[in-house]
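A.B. asks: Please find one structure pasted underneath; my questions will follow.
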Amino acid sequence: MALLVRLLPLALALALGPAATQAGPAKSPYQLVLQHSRLRGRQHGPNVCAVQKLIGTNKKYFTNCKQWYQRKICGKSTVISYECCPGYEKVPGEKGCPAALPLSNLYETLGVVGSTTTQLYTDRTEKLRPEMEGPGSFTIFAPSNEAWASLSAEVLDSLVSNVNIELLNALRYHMVNRRVLTDELKHGMALTSMYQNSDIKIHHYPNGIVTVNCARLLKADHHATNGVVHLIDRVISTISNNIQQIIEIEDTFETLRAAVAASGLNTLLEGDGQFTLLAPTNEAFEKIPAATLNRILGDPEALRDLLNNHIMKSAMCAEAIVAGLSVETLQGTTLDVGCSGDMLTINGKAIISNKDILATNGVIHYIDELLIPDSAKTLLELAAESDVSIAIDLFKQAGLSTHLSGNEQLTLLAPLNSVFKDGSPRVDARMKSLLRNHMVKDQLASKYLYHGQTLDTLGGKKLRVFVYRNSLCIENSCIAAHDKRGRYGTLFTMDRVLTPPMGTVMDVLKGDNRFRMLVAAIQSAGLTETLNREGVYTVFAPTDEAFQAMPPGELNKLLGNAKELASILKYHIGDEILVSGGVEALVRLKSLQGDKLEVSSKNNVVSVNKEPVAEADIMATNGVVYAISSVLQPPAPANRPQERGDELADSALEIFKQASAFSRASHTSVKLAPVYQRLLERMKH
């Protein structure tokens, strides 16, 4: 078996041939997609590629793994067809495409790849056909016959009416004076064309799509004796203006033009780089309320954030989008860019009205709806997009909406709509005070909150932050969704109405008639001072009914023994604050008595030692109170977990370490290990 394991890699290498044992240059995304198409087509013979064709169109795509299994392009169904891979042809009577295409000059190769219209227009010029048939090394990005047919009659007439200038120049712009294969077509590069050395913009996307001035490469790397032919899906034209210049000359960008000037972004948009501008039209600006538009236009920071949210960090041609992807903007936000048939979508909306307007430093897509980032919104605008409408209506009824729409630095703790299952509460003086305590004096970010932090509210209360393994809570209420950070305020979506602490644990118990017997017991046991002073306690408070449910003799015995009573009561007090939102499947909470309480949560019901609590999260300044319907009994000494002994062992080990350190520091030679070992053995017994 061992010999077989050692020989297996060698056998695989021999079976796969030299390609498996020799590391070659990394393949480009286009080559990887082509390779996948060959793998899917190999059952039909050599050099057969699987191609996905959009149903009802002539659009074809070499397939990647994801598209192969989804059988969709831009959400539309495809059918699989099999055809010869680029550079190969069928042989009658043989399977697949075993023969390489015969090598001929550029002119003849145009006919082979399906660009006979390019051949026809080449014939009409006096100079170009001899050049394509003669010596040299050229690359031509040849428009398909369908690409020529899709040109408007006006454009086509202007070309063919002056074949030796307009048509010749247009064809030369599709040519490069050297051989360029797809492995050299890098994302963001520019090739120098044979028309006035004008640039041709190349983009090579991770999904294998290659574009030439945003025209998609259909079939690539068709070799000729004097160059190479790449078939593309549209006729390309020269690029002369940068993004800023296009904004300045287009009437539909009048508002955008003013906004760019006011923000100072014109320098960026006329400089070097490769950007995608989702350019809002005048109509897009008109769709938002005038007050919102005026506020943003009058706020340089909000305006800059707004515009940066429309600028992507790289050039994104429409043809590169065959499925959904996330793209980062200069603002740092991500936009979900997708497609539905021929329509591009942004965040699921088909708002792009004109696409692929090329500039020297990128590409522009016209959009008819503004993409306002959270950082340019007020708290009211943030809340309008969240599931907190009932809470916002309460704030408005309480006369607090000015805090949510101005330039005050605030964090709003807004309960979810689902919290108000019994309907919206009445807004009285008490509710108004409570709502003011849902407004924190500062613009916070949840990622910077820490355990034990205190937050000041507009209502004058101090709220505590509790950080648990899977939740982040402020008093009894936990954050239910990612916070939204606006221009001046931040929105925290909370899982319940927050109740600020109204006194110490002892104050809470005294103020609730359910706990009269517990209060008397605490006083008898001498624990009043403990529950009145500063601290962090979780108190599982038995109600009067819980005490009365005990057998009378047992209850009288307990109440008559102060020491035993103190021990039982301490077992009901945890040594940290645990609100219900921080309870996972099981939390073991150490009590002041020493044993641990088992707190669990299932179906939103909190239990302690498997007994459901009657009421959770009664907040106090030094802890939290849970009302329970039974008196908890600590485990009997014989049943206590081994962990008590483990804790003692850990303490002994710590003493041993400190003694060892002292021995080394004082240069004394003390044999401590035997002492520690005897200590451990004694503790076991």
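The values are calculated or read from the model by the stated rules, or taken from the named source; none is laboratory data. What you see is a predicted model; the values in this text were computed from it and never measured. Glycine gets a Cβ as well: all are built from the backbone with ideal geometry, and neighbour counts include every protein chain shown. Protein only, heavy atoms only, side chains kept; ligands, DNA and RNA dropped before computing areas. Shrake-Rupley method; radii C 1.70, N 1.55, O 1.52, S 1.80 Å.
Yes/no matrix, rows are residues, columns are (1) buried (at least 16 other Cβ atoms within 10 Å of the Cβ); (2) touching a strand residue (DSSP E or B) at 6+ places or on another chain (Cβ under 9 Å); (3) part of a loop (DSSP other than H, G, I, E, B); (4) without any contact (Cβ under 8 Å) to a residue 40 or more places away in the chain:
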{"position": "Ile568", "(1), (2), (3), (4)": "yes, no, no, no"}
{"position": "Leu578", "(1), (2), (3), (4)": "yes, yes, yes, no"}
{"position": "Ala585", "(1), (2), (3), (4)": "no, yes, yes, yes"}
{"position": "Gly594", "(1), (2), (3), (4)": "no, no, yes, no"}
{"position": "Ser601", "(1), (2), (3), (4)": "yes, yes, no, yes"}
{"position": "Val613", "(1), (2), (3), (4)": "yes, yes, no, no"}
{"position": "Asp617", "(1), (2), (3), (4)": "yes, yes, no, no"}
{"position": "Val624", "(1), (2), (3), (4)": "yes, yes, no, no"}
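A.B. asks: Which residues, counting only those in region 65-85, are loosely packed, with under 15 Cβ neighbours inside 10 Å and touching a helix residue (DSSP H, G or I) at 6+ places or on another chain (Cβ under 7 Å)?
C.D. replies: Within region 65-85, just Cys65 meets the criteria.
Matching residues to (1) touching a Gly at 6+ places or on another chain (Cβ under 7 Å); (2) outside the structural domain of Leu218 (by the TED database); (3) among the β-branched types (Val, Ile, Thr):
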position: Ser137; (1), (2), (3): yes, no, no
position: Leu151; (1), (2), (3): no, no, no
position: Glu154; (1), (2), (3): no, no, no
position: Leu159; (1), (2), (3): no, no, no
position: His174; (1), (2), (3): no, no, no
position: Asn177; (1), (2), (3): no, no, no
position: Thr182; (1), (2), (3): no, no, yes
position: Lys186; (1), (2), (3): no, no, no
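A.B. asks: Residues that are modelled with pLDDT of 95 or more: list the helices (runs of 4 or more DSSP H) wholly contained in region 31-124 that include at least 1 such residues.
C.D. replies: Working: elements: 65-70, 106-112, 116-124.
Per the criteria, 106-112, 116-124.
A.B. asks: Out of (1) surrounded by 14 or more Cβ atoms within 10 Å (Cβ to Cβ); (2) farther than 30 Å from Gln453 by Cβ; (3) modelled with pLDDT of 95 or more, the odd one out for Leu555 is which?
C.D. replies: Unmet for Leu555, out of (1) surrounded by 14 or more Cβ atoms within 10 Å (Cβ to Cβ); (2) farther than 30 Å from Gln453 by Cβ; (3) modelled with pLDDT of 95 or more: (3).
A.B. asks: Which residue is farthest from Arg42 (Cα to Cα), if the candidates are limited to region 99-135 and must be touching a Gly at 6+ places or on another chain (Cβ under 7 Å) and in contact (Cβ under 8 Å) with a residue 24 or more places away in the chain?
C.D. replies: Among them, the one singled out is Leu106.
A.B. asks: Another one. Quick one: would you say Leu168 is modelled with pLDDT of 95 or more, out of contact with any strand residue (DSSP E or B) (no Cβ under 8 Å at 6 or more places or on another chain) and open to solvent by less than 50 Å² (accessible area, probe 1.4 Å)?
C.D. replies: The answer is yes for Leu168.
A.B. asks: While we're looking at this one, here's another question. Hey, can you tell me all the residues within region 269-306 that are assigned to a helix (DSSP H, G or I) and open to solvent by less than 10 Å² (accessible area, probe 1.4 Å)?
C.D. replies: Leu269, Ala284, Phe285, Ile296, Ala302, Leu303, Leu306
A.B. asks: Report, by residue number, each residue of region 433-471 that is aromatic (Phe, Trp, Tyr) and in contact (Cβ under 8 Å) with a residue 24 or more places away in the chain.
C.D. replies: Hits for region 433-471 are Phe466, Tyr468.
Matching residues to (1) surrounded by fewer than 21 Cβ atoms within 10 Å (Cβ to Cβ); (2) not in a loop (DSSP other than H, G, I, E, B):
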position: Met316; (1), (2): no, no
position: Val322; (1), (2): no, no
position: Gly332; (1), (2): yes, no
position: Asp336; (1), (2): yes, yes
position: Ile357; (1), (2): yes, yes
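A.B. asks: Taking region 395-410, which residues are assigned to a helix (DSSP H, G or I) and closer than 11 Å to Met439 by Cα?
C.D. replies: Phe395, His403, Leu404
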